[in-house]
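Colleague: Before we start, here is the structure in question, set down as structure tokens.
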Amino acid sequence: DTAVSQTPKYLVTQMGNDKSIKCEQNLGHDTMYWYKQDSKKFLKIMFSYNNKELIINETVPNRFSPKSPDKAHLNLHINSLELGDSAVYFCASNSGRDTEAFFGQGTRLTVV
Amino acid sequence: AQSVTQLGSHVSVSEGALVLLRCNYSSSVPPYLFWYVQYPNQGLQLLLKYTSAATLVKGINGFEAEFKKSETSFHLTKPSAHMSDAAEYFCAVSGTGNQFYFGTGTSLTVIP
């Protein structure tokens, strides 16, 4: 019954590899997000999708690409992983500017 | 544009003492403001939110926050700290386009 679920929870991979993180929400929300949390706990928004349309794309390398097969899913694909990509990635969703965002448990990505 | 600033990256209080975590916002539109808590190795959990109703907002776990437009502030307080309150706290503002912007976080330590 998890509202926002991410898989995997932990991901260890070598530099140069390509990896994906999956996210699903069962709340019926219209907007989904990806955030990156660095080692200093800073949360940076990477992408948001509203009704399958990308509405935010901050200064994120184009090695990162969000893919949304439907309103309930927003997956994150990362090409050519670099050491600096190591972080915790959070998926979130909400249904309007005045509503809270619900977060997944995070995916800890370690690039070695 | 919207942003929040959290003053004090680390706050230490004694058990039973007042907790005060500071947040100031900047917003070109009427702001919607949120406080989240993050326990170690977990996702973010909503504590409370301000969405233009009452300026004094009560949340979970005994926390509350007061919206002060004249001071552009939304400080988080709790009358008596418990050991279980030790965590990372984030203030966030919801802006145009439905995106959430987070402050840099405040790590709360509770001293027994």
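The values are calculated or read from the model by the stated rules, or taken from the named source; none is laboratory data. It should be emphasised that the depicted structure is a prediction, and the values quoted were computed from it without experimental measurement. Don't worry about glycine lacking a Cβ; one is built from the backbone with ideal geometry, like all the others, and counts go over all protein chains shown.
Colleague: Looking only at the range A:96-106, decide whether some residue is within 15 Å of the chain's Cα centre (by Cα) and on the phi > 0 side of the Ramachandran plot.
Modeller: yes
Colleague: Please state which one of A:Leu83, A:Leu43 is under 25 Å from B:Phe90 (Cα atoms) and not β-branched (Val, Ile, Thr).
Modeller: A:Leu43
Colleague: Determine which single condition A:Lys52 fails, assuming it passes every other condition in (1) at pLDDT below 90; (2) touching a Gly at 6+ places or on another chain (Cβ under 6 Å).
Modeller: (2)
Colleague: Based on this model, can you work out whether A:Phe64 counts as surrounded by 15 or more Cβ atoms within 10 Å (Cβ to Cβ), more than 16 Å from A:Lys19 (Cβ to Cβ) and hydrophobic (A, V, I, L, M, F, W, C)?
Modeller: No; evaluated as a whole, the condition is false for this residue.
Colleague: What strands (runs of 3 or more DSSP E) lie completely within the range B:24-112 and have 2 or more residues being surrounded by fewer than 16 Cβ atoms within 10 Å (Cβ to Cβ) and either among the hydrophobic types (A, V, I, L, M, F, W, C) or in contact (Cβ under 8 Å) with a residue 60 or more places away in the chain (or both)?
Modeller: Filter on the range B:24-112 gives B:106-111.
Colleague: Name the one entry in A:Lys36, A:Lys9, A:Lys22 that is touching a His at 6+ places or on another chain (Cβ under 8 Å) and at pLDDT 90 or above.
Modeller: A:Lys22
Colleague: Within the range A:36-59, can you find the residues that are within 7 Å of chain B (Cβ to nearest Cβ) and not hydrophobic (A, V, I, L, M, F, W, C)?
Modeller: A:Lys41, A:Ser48, A:Asn50, listed by residue number.
Colleague: Filter the range A:81-108 down to residues that are touching a Pro at 6+ places or on another chain (Cβ under 9 Å) and more than 14 Å from chain B (Cβ to nearest Cβ) and give me whichever is farthest from A:Ile21 (Cα to Cα).
Modeller: Here the residue is A:Glu82.
Colleague: Could you pull out the residue among A:Thr2, A:Thr13, A:Thr7, A:Thr59 that is of a type in the set (Ser, Thr, Tyr) and under 19 Å from B:Gln45 (Cβ atoms)?
Modeller: Matching residue, one of A:Thr2, A:Thr13, A:Thr7, A:Thr59: A:Thr2.
Colleague: Separate question: Quick one: would you say A:Ser48 is hydroxyl-bearing (Ser, Thr, Tyr), more than 22 Å from B:Gln2 (Cα to Cα) and either touching a strand residue (DSSP E or B) at 6+ places or on another chain (Cβ under 6 Å) or touching a residue at least 24 places away in the same chain (Cβ under 8 Å) (or both)?
Modeller: No.
Colleague: Test B:Lys49 against the criterion of being closer than 28 Å to A:Tyr89 by Cβ and out of contact with any helix residue (DSSP H, G or I) (no Cβ under 6 Å at 6 or more places or on another chain), and give yes or no.
Modeller: The answer is yes for B:Lys49.
Colleague: I would also like to ask the following. Can you tell me which residues in the range B:38-62 are within 15 Å of B:Val19 (Cβ to Cβ) and of a type in the set (D, E, K, R)?
Modeller: Within the range B:38-62, B:Lys58 is the sole residue that qualifies.
Colleague: Go through (1) exposed (fewer than 15 other Cβ atoms within 10 Å of the Cβ); (2) in contact with a helix residue (DSSP H, G or I) (Cβ under 8 Å, 6 or more places away or on another chain); (3) within 22 Å of A:Ala3 (Cβ to Cβ) for A:Ser20 and report which single condition fails.
Modeller: (2)
Colleague: Here's something else I'd like to know. Out of everything in the range B:6-23 that is surrounded by fewer than 14 Cβ atoms within 10 Å (Cβ to Cβ) and within 13 Å of another protein chain (Cβ to nearest Cβ), what residue ends up being farthest from A:Gln37 (Cα to Cα)?
Modeller: B:His10
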